[in-house]
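A.B. asks: Below is one structure. I have some questions about it.
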Amino acid sequence: MPQPQIADHPTVASRKTAAAPGTGHPTLRQLGRLILEPGGPFTKLPRRGYQRGIDYYSAAQLPLLVGGVANRFFAVHGRYPNLYAPELLNDKIFASKFLRLFKIPETANKLLTSSFIPPEAEPLVTCAPIVWHSRTERIPRGNEIEAGVYYLKSSHGCDMFQRIHYPLSDDRADALEERFRPVLNKRYGVKNGNWWHNCFAPELMIEKAIGSEEFTTSLNYVVVGGTVVRLTAYQKLSEGYRKTNFEPDWTPYDNAAGARAEFRMPSQAAKDRMAKAAQLIGKDLGYVRVDFLLDDDDAPYLGELTFTPGNGLTVLKPEIDQRLGQMWDWSAVLDDDRLAPPKPG
């Protein structure tokens, strides 16, 4: 597992200086400019417990990763992302994979999602109960867990879950073991720039299902600088998904394509609690998607946080890409006070 470079114990000012690429690739030219920039991101190291993509990837890996992810961006948008001075939202999401500080391992570890709930949000929201987790022990079976509906998940990655019911038969538990155990050895997202999923040893976990819907509805709030800018009701189905997009006031928008989510509209009190909790959770995180689940009494639970939703590959209307990009203060990413020049000696 790659070890983070930390300001407390720096080895060199930047391991990537020699990797400044002489290339015609526009995004790699910008990478080279950042590498050579006095006082730029490559002259600083993160505080203990934080890491950036430029710290995670080696000097040899970084240009290959940046170029490959930029090429996928080009395939979707018909242009290369601006890594040096991003202005549009999708460009900032792309650049954030490499230049933004992430708290490690909390950012990707579902077992630690509750650590992002600040004290002032604790009266508003909690996380779903985790009834079991382990990297090595067999999945509980029979009546080893209280009867009910749960989700078996990997603590890292995305879309690695299964809705299960207890009591759980031995045959069913064995089948789940065969399917899920190999997931723990999967290096999720490294080739897409989503490196933060690989900074801890993942575990299998069992989380209590929230609400009684067959297809749980996730209410996903996009927060920029502590302001809710849009939200989506999203239902993952056995095959495919349903979703409905909303403005912050719950006015539907841009729902011409695809099946709309079929769910019970939250009460006004639940909407108010989720909006306030999303603002408090996201106020110091720059850009983040905060996902909630509602139980049958309309009490909200924090599902997870996603720091690069869509991976910068969501096709947005130009005015939305620009407006949301302007709301995200990029100077706060580059000038984060948790970054510092390496200590001499």
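A.B. asks: Over the range 207-292, give the accessible area per residue in Å² for a 1.4 Å probe, as an integer.
C.D. replies: On the way: 4010 Å² over 86 residues.
Using a 1.4 Å probe on heavy atoms only, each residue of the range 207-292 averages 47 Å².
A.B. asks: Give me the Å³ per residue figure for the convex hull around the C-alpha atoms of the range 137-203.
C.D. replies: 84
A.B. asks: Can you compute the helix-only [θ] at 222 nm over the chain? Use -39500 (n - 2.57) per DSSP H run of at least 4 residues, normalise by all residues, nearest 500 deg cm²/dmol.
C.D. replies: Per the formula, -7500 deg cm²/dmol.
A.B. asks: Can I ask one more? How high is the relative contact order of the chain, in percent, counting Cα pairs under 8 Å that sit 6 or more residues apart?
C.D. replies: Values: 646 pairs, mean separation 74.0, N = 345.
So the answer I get is 21 percent.
A.B. asks: Treating only the Cβ atoms of Lys and Arg (+1) and Asp and Glu (-1) as charged, compute the dipole magnitude of the range 194-268 about its Cα centre; round to the nearest 20 debye.
C.D. replies: Dipole about the Cα centre, nearest 20: 60 debye.
A.B. asks: May I ask you to list the lysines whose Cα is less than 17 Å away from that of Lys92, ignoring any residue fewer than eight positions away on the same chain?
C.D. replies: Filter leaves Lys317.
A.B. asks: Whole number in Å², please: accessible area per residue of the range 25-182, 1.4 Å probe, ligands, DNA and RNA not counted.
C.D. replies: Solvent-accessible surface per residue comes out at 44 Å².
A.B. asks: What's the carbon and sulfur percent of the chain's accessible surface, probe 1.4 angstrom, rounded to a whole number?
C.D. replies: Heavy-atom surface of the chain belonging to carbon and sulfur, 1.4 Å probe: 51 percent.
A.B. asks: If every alpha-carbon in the range 167-301 counts as one equal scatterer, what log10 I(q)/I(0) does Debye give at q = 0.19, 0.20 1/Å?
C.D. replies: For the range 167-301 at q = 0.19, 0.20 Å⁻¹, log10 I(q)/I(0) is -1.23, -1.26.
A.B. asks: Still on this structure, please answer the following. How big is the Cα convex hull of the range 35-153 in projection, averaged over all directions, in nm²?
C.D. replies: 12.4
A.B. asks: With an 8 Å cut-off on Cα pairs and a minimum separation of 6 or more residues, tell me the relative contact order of the range 134-206 in percent.
C.D. replies: Relative contact order here is 40 percent.
A.B. asks: Oh, and also: Work the Kirkwood hydrodynamic radius out for the chain: mean of 1/r over every pair of different alpha-carbon atoms, inverted, in Å.
C.D. replies: Values: mean 1/r = 0.0465 Å⁻¹.
So the Kirkwood estimate lands at 21.5 Å.
A.B. asks: About the Cα centre, and with charges only on the beta carbon of Lys, Arg (+1) and Asp, Glu (-1), how big is the dipole of the chain? Nearest 20 debye, please.
C.D. replies: Here the chain has a charge dipole of around 1440 debye.
A.B. asks: Cross-link list Lys103/Lys191; Lys44/Lys186; Lys103/Lys271: which exceed 24 angstrom alpha carbon to alpha carbon?
C.D. replies: Over 24 Å apart, Cα to Cα: Lys44/Lys186; Lys103/Lys271.
The values are calculated or read from the model by the stated rules, or taken from the named source; none is laboratory data. Since the structure is predicted, the reported quantities are computational estimates derived from the model, not experimental observations. No Cβ is skipped: glycine too gets one built from the backbone with ideal geometry, and neighbour counts run over all protein chains shown. What goes into the accessible areas is simple: the full protein's heavy atoms, side chains included, and nothing from ligands, DNA or RNA. Shrake-Rupley method; radii C 1.70, N 1.55, O 1.52, S 1.80 Å.
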